[in-house]
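Colleague: I'd like to ask some things about the structure below.
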Amino acid sequence: MLKNGAIAFPRPLKNYNDLRKTKLGVPGILVVHLVPPDQQNWVLHSEDQMAVRQRSYWLSLKGMPETTNVESVIVQIPKTNVFNPAALLDIMERLEKGERL
């Protein structure tokens, strides 16, 4: 669901808390893929390749604040956080340098 330039994505409280932990060696990231309305053709594949339609977005929840919610948390993922090969390489390089995502 798009809201104010971000993807509003609900997560169960346990998943949110697992991803926001700061004592992990390698932080987990949340990747959300938007599936098009016509789901029959959103993944195309052959012997040589696989193509996925629409976009994926990512967000690091490491260090996010605790919540008083009891069941779920709506996470806001900026639309600028497109998850693609260049973004994955950037994430890995930043982690290697010890930089915060």
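Colleague: Name the residues in segment 67-95 that are surrounded by 10 or more Cβ atoms within 10 Å (Cβ to Cβ), closer than 18 Å to Pro12 by Cα and either among the aliphatic types (A, V, I, L, M) or touching a helix residue (DSSP H, G or I) at 6+ places or on another chain (Cβ under 8 Å) (or both), would you?
Modeller: If the condition is that a residue be surrounded by 10 or more Cβ atoms within 10 Å (Cβ to Cβ), closer than 18 Å to Pro12 by Cα and either among the aliphatic types (A, V, I, L, M) or touching a helix residue (DSSP H, G or I) at 6+ places or on another chain (Cβ under 8 Å) (or both), then Thr67, Asn69, Ser72, Val73, Ile74, Val75, Ile77 are the ones that fit.
Colleague: Being without any contact (Cβ under 8 Å) to a residue 24 or more places away in the chain and closer than 13 Å to Ser72 by Cβ is the filter; apply it to segment 1-16 and report the residue that is surrounded by the fewest Cβ atoms within 10 Å (Cβ to Cβ).
Modeller: Lys14
Colleague: With (1) modelled with pLDDT under 90; (2) out of contact with any helix residue (DSSP H, G or I) (no Cβ under 6 Å at 6 or more places or on another chain) as the list, and Val32 as the residue in question, which single condition is left unmet?
Modeller: (1)
Colleague: Tell me yes or no: at least one residue of segment 55-66 is without any contact (Cβ under 8 Å) to a residue 24 or more places away in the chain and surrounded by 10 or more Cβ atoms within 10 Å (Cβ to Cβ).
Modeller: No, because not a single residue in segment 55-66 is without any contact (Cβ under 8 Å) to a residue 24 or more places away in the chain and surrounded by 10 or more Cβ atoms within 10 Å (Cβ to Cβ).
Colleague: May I ask you to verify whether Val32 is of a type outside the set (Asp, Glu), surrounded by 10 or more Cβ atoms within 10 Å (Cβ to Cβ) and under 15 Å from Ile77 (Cβ atoms)? Talk me through it step by step, then tell me what you get.
Modeller: Numbers: of a type outside the set (Asp, Glu): yes; surrounded by 10 or more Cβ atoms within 10 Å (Cβ to Cβ): yes; under 15 Å from Ile77 (Cβ atoms): yes.
The answer is yes for Val32.
Colleague: Of the residues that sit in segment 51-74 and are assigned to a strand (DSSP E or B) and modelled with pLDDT of 90 or more, which one is farthest from the chain's Cα centre (by Cα)?
Modeller: Within segment 51-74, the first condition is being assigned to a strand (DSSP E or B), and the residues that meet it are 51-52, 56-60, 72-74.
Filter once more, so that each one left must be modelled with pLDDT of 90 or more: 56-60, 72-74.
Working: Ser56: 7, Tyr57: 5, Trp58: 3, Leu59: 4, Ser60: 7, Ser72: 16, Val73: 14, Ile74: 13 Å.
Restricting to residues being assigned to a strand (DSSP E or B) and modelled with pLDDT of 90 or more, the top hit is Ser72.
The values are calculated or read from the model by the stated rules, or taken from the named source; none is laboratory data. Being a predicted model, the structure only gives us computed values, none of them experimental. Note that each Cβ is placed from the backbone with ideal geometry, even for glycine, and that neighbours are counted across all protein chains shown.
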